[in-house]
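Engineer: Once you've had a glance at the structure underneath, I'll fire off some questions.
Here, each number is a calculation from the coordinates, and none is a lab measurement. Quick caveat: nothing in here was measured; it's all calculated off a predicted structure. Cβ atoms come from the backbone with ideal geometry, glycine included; neighbour counts cover every protein chain shown.
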Amino acid sequence: MRLAEKTAIVVGGGQTPGETMGNGRATALLFAREGARVLVADRVLASAEDTARMIIGAGGDAAAIEMDVADEAACEATVRRALDMYGRIDVLHNNVGIGAGDAPPHRVDVANYERIMRVNLEGPLLMCKHAIPAMREQGSGAIINVSSIASIAGMTNMIGYKTSKAALNALTQTLALANARFGIRVNAILPGLINTPMAIEGISAVRGIPRETLIAERDRQVPLGKMGAADDVANAALFLASDEARFITGVLLPVDGGQTLRVG
Ligand SMILES: NC(=O)c1ccc[n+]([C@@H]2O[C@H](COP(=O)([O-])OP(=O)(O)OC[C@H]3O[C@@H](n4cnc5c(N)ncnc54)[C@H](O)[C@@H]3O)[C@@H](O)[C@H]2O)c1
């Protein structure tokens, strides 16, 4: 019960449908298993409700809310809902990330690019903007932003995704320094290749290849032998959310099976 007595918002706590589990859902389930009361927020209400139902079915405490991180009023309402229900916000987990319609710089569609920036960068910023005042008042809080190793590793074909995640790293460090004296820790997880439906079903459909081919291709790139699972991201998030990480802030933590060690 590493999050006993704590409350959490998991933004993007539903998941893209598919055979495996998404990072946000796995994190919401693990937070709840470790004792947290969890508000599951997602653009797709049915998916957030599925996550909440899974938590409640396992004996945990959860509620679902429909929201779009690109909409500031929705971010504010999500924070308000958590405060109304729980009276405090101990953990804010910003899991939302999109890449659909992205392209290399010379083929960029500005509307797509701006949508990716709005969701991947300004979404977490807006959630932090509205959650931080309550955390400052409490004198404590843990914020986790789900970035990507794309933010620090070579990626030439998705300029919106890469630059939004790189900026999310900078946002994480800025928020960490600005809020340390209020007892608020802000860290980022940089997942590598993870076997989630958004990645596998999503990319295999775009590339028109069987999911098994894509899985084998991704596994080959990982020094530890194969892709990670959503649970690997969730376990890192649990640590960063828990008091065990009380002296850790501003960290950009790769969860990538060693992939970022490969240079050249
Ligand atoms: N899967 C990977 O290999 C991988 C690698 C690196 C980083 N990541 C990051 O992990 C995070 C989760 O990825 P995943 O593969 O589990 O994807 P996912 O699509 O299963 O989860 C994202 C959730 O966010 C929701 N969402 C999307 N846009 C939203 C919006 N505007 N407002 C509110 N909710 C919205 C989706 O409905 C979905 O439930 C993302 O930030 C992604 O960039 C994933």
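Engineer: List the residues whose amide H sits under 5 Å from the amide H of Asp61, counting only those 5 or more places along or on another chain, with H placed 1.01 Å from N in the peptide plane.
Structural biologist: Here the answer is Val38, since their amide H atoms fall under 5 Å of that of Asp61.
Engineer: Mind checking the dipole of the range 132-264: about its Cα centre, +1 per Lys or Arg Cβ, -1 per Asp or Glu Cβ, Debye to the nearest 20?
Structural biologist: 360 debye
Engineer: Check which residues have an amide H placed less than 5 Å from Ala142's amide H, if you skip close sequence neighbours.
Structural biologist: Here the answer is Val91, Leu92, Arg185, since their amide H atoms fall under 5 Å of that of Ala142.
Engineer: Using only the alpha-carbon atoms, how far is helix 72-86 inclined from the longest principal axis of the chain? Give it as 0 to 90 degrees, nearest 10.
Structural biologist: Tilt relative to the chain: about 50 degrees.
Engineer: Between the helical axis of 211-220 and the dominant principal axis of the chain, each derived from Cα atoms, what acute angle in degrees is found, rounded to the nearest 10?
Structural biologist: The answer is roughly 90 degrees.
Engineer: Can I ask one more? What ³J(HN,Hα) values, in whole Hz, does the Karplus curve 6.51 cos²θ - 1.76 cosθ + 1.60 give for the range 40-53 when θ = phi - 60°, with x put for Gly and Pro?
Structural biologist: 9, 10, 7, 5, 9, 4, 4, 6, 5, 5, 4, 4, 4, 5
Engineer: Follow-up question, since we're still on this one. Compute the long axis of helix 230-241 from its Cα atoms, compare it with the longest principal axis of the Cα atoms of the chain, and write down the angle in degrees, 0 to 90, nearest 10.
Structural biologist: Helix 230-241 sits at roughly 40 degrees to that axis.
Engineer: Tell me the relative contact order for the chain as a rounded percent, counting alpha carbon contacts under 8 Å between residues six or more apart.
Structural biologist: 20 percent
Engineer: Separate question: Determine the calculated [θ] at 222 nm for the chain from helices alone, applying -39500 (n - 2.57) to every DSSP H run no shorter than 4 residues and normalising by the residue count; nearest 500 deg cm²/dmol.
Structural biologist: -14000 deg cm²/dmol
Engineer: Turning to a different aspect of this structure: Order the peptides 145-154, 32-41, 199-208 from the highest to the lowest mean number of other Cβ atoms within 10 Å of their residues.
Structural biologist: 32-41, 145-154, 199-208
Engineer: Taking the Cα centre as origin and putting +1 on Lys and Arg beta-carbons and -1 on Asp and Glu beta-carbons, what dipole magnitude results for the chain, to the nearest 20 debye?
Structural biologist: That gives the chain a dipole magnitude of about 540 debye.
Engineer: Another one. How would you rank 178-186, 94-102, highest first, on the average number of other Cβ atoms within 10 Å across their residues?
Structural biologist: Details: 178-186: 17.6, 94-102: 22.6.
Sorting 178-186, 94-102 by mean packing, highest first, produces 94-102, 178-186.
Engineer: Separate question: Once a ≥ b ≥ c are taken as the square roots of the eigenvalues of the Cα gyration tensor of the range 135-213, is the result rounded (a/c under 1.5), prolate (a/b larger than b/c) or oblate (a/b not larger than b/c)?
Structural biologist: Prolate shape, in that a/c is at least 1.5 and a/b is the bigger ratio.
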